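Engineer: The structure is given below, and queries will be raised subsequently.
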Amino acid sequence: MSAKDRILAKLRGSLVGTTPVADDYDAGLLTEPWRYAADDRIARLRSMLEAVHGETQLTTQADWPQRALEALAARNIGELLVSPDTAHGQQLAAHVAASAAGLRLKAYDRPVEAWKEELFFRTPASLTGTLGGIAATGSLVLWPTPQEPRLMSLVPPLHIALLKASEVRDNLYELMHAQHWVSGMPTNALLVSGPSKTADIQQTLAYGAHGPKELLVLILEDA
């Protein structure tokens, strides 16, 4: 028996003869102060993100690849980190090929140790999907996967995130319930509420110290 198994067995044994305490929390305390009309959710999320230097654009499922290319061209960025194993990665690759945009797409297809220097110093931008958004705080919800590891949204100076308007909820509690997190919790859920920022040094707010300096959220409205 491993040390982990011994610890877990001891914990289980300590519960013998005990009675679980019923949950008596008031869900209203977590939700009622942060409810919004359906038509106001996107506007609030955009306002909250843009208040902390995030950039948002409303677009559609068909048009977002061109919006992404335009954002990269405006910044003179010629390559993008994107997963070829996702539907959005494949859609972008098809658009780049059809438009002859000349954008170089590269994948996170190696252990980080094998290309750490390139990832940290020669990868100017990345694109990832999101699980949803939270209107109350202007936050994106990301679940890193083997196809889109955490460093894709953490390291490149520009992070482009795709957000479906239909997946924006009033608050985190409602998003977790709507998406049935209880049946499959992620190993690492992330809330992104703008570009990286810190005020640790002389209490001066600086962007990009611990992550992306720019965050562009492309909000895909329903057809």
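The values are calculated or read from the model by the stated rules, or taken from the named source; none is laboratory data. Computed from a prediction, not measured in an experiment: that's the story for all the values here. In this analysis, Cβ positions are derived from the backbone assuming ideal geometry, glycine residues included, and neighbour counts consider all displayed protein chains. When the accessible area is computed, the model is the full protein with side chains, heavy atoms only, and any ligands, DNA or RNA have been set aside. Shrake-Rupley method; radii C 1.70, N 1.55, O 1.52, S 1.80 Å.
Engineer: Over the range 126-188, with the other protein chains present, what is the accessible area per residue in square angstrom, probe 1.4 angstrom?
Structural biologist: Normalised by residue count, the accessible surface of the range 126-188 is 39 Å².
Engineer: Given a 1.4 angstrom probe, I'd like the percentage of the accessible area of the chain that is carbon and sulfur, rounded to a whole number.
Structural biologist: 55 percent
Engineer: What label, among (1) 34; (2) 31; (3) 41, belongs to percent of Cα pairs over 30 Å apart computed from the structure on display?
Structural biologist: The calculated read-out lines up with (1).
Engineer: Then there is this: First measure r as the distance between the Cβ atoms of Glu32 and His180, then evaluate 1/(1 + (r/R0)^6) with R0 = 25 Å and state the FRET efficiency to the nearest 0.05.
Structural biologist: My answer for the efficiency is 0.70.
Engineer: Okay, moving on. Tally Lys/Arg at +1 and Asp/Glu at -1 over every other residue whose Cβ is under 14 Å from the Cβ of Leu92; what's the total?
Structural biologist: -2
Engineer: Is there a quick way to get the dipole size of the chain? I mean about its Cα centre, with the Cβ of Lys and Arg at +1 and of Asp and Glu at -1; what is the value in debye to the nearest 20?
Structural biologist: Using Cβ point charges on Lys, Arg, Asp and Glu, the chain gives about 680 debye.
Engineer: Moving on to the next point. Find out how many positive minus negative residues lie around Val82, taking Lys and Arg as positive, Asp and Glu as negative, among other residues whose Cβ is under 13 Å from that of Val82.
Structural biologist: Here the count lands on -2.
Engineer: Report, to the nearest 10°, how far helix 87-99 tilts away from the longest principal axis of the Cα atoms in the chain, using its own Cα long axis and a range of 0 to 90°.
Structural biologist: With both axes taken from Cα atoms, the answer is about 0 degrees.
Engineer: Another question, if that's okay. What does the accessible area per residue of the range 58-121 come to in Å², with a 1.4 Å probe and no ligands, DNA or RNA counted?
Structural biologist: Here the residues of the range 58-121 average 56 Å² of exposed surface.
Engineer: Relative to the present Cα-Cα distance, how much length would full extension add between Glu50 and Arg104 at 0.36 nm per residue of separation?
Structural biologist: Stretched out fully, the Glu50 to Arg104 stretch lengthens by 16.6 nm.
Engineer: So for the range 121-223, averaging the separation of alpha carbon pairs under 8 Å that are six or more residues apart and normalising by length, what relative contact order in percent results?
Structural biologist: Rounded, it is 33 percent for the range 121-223.
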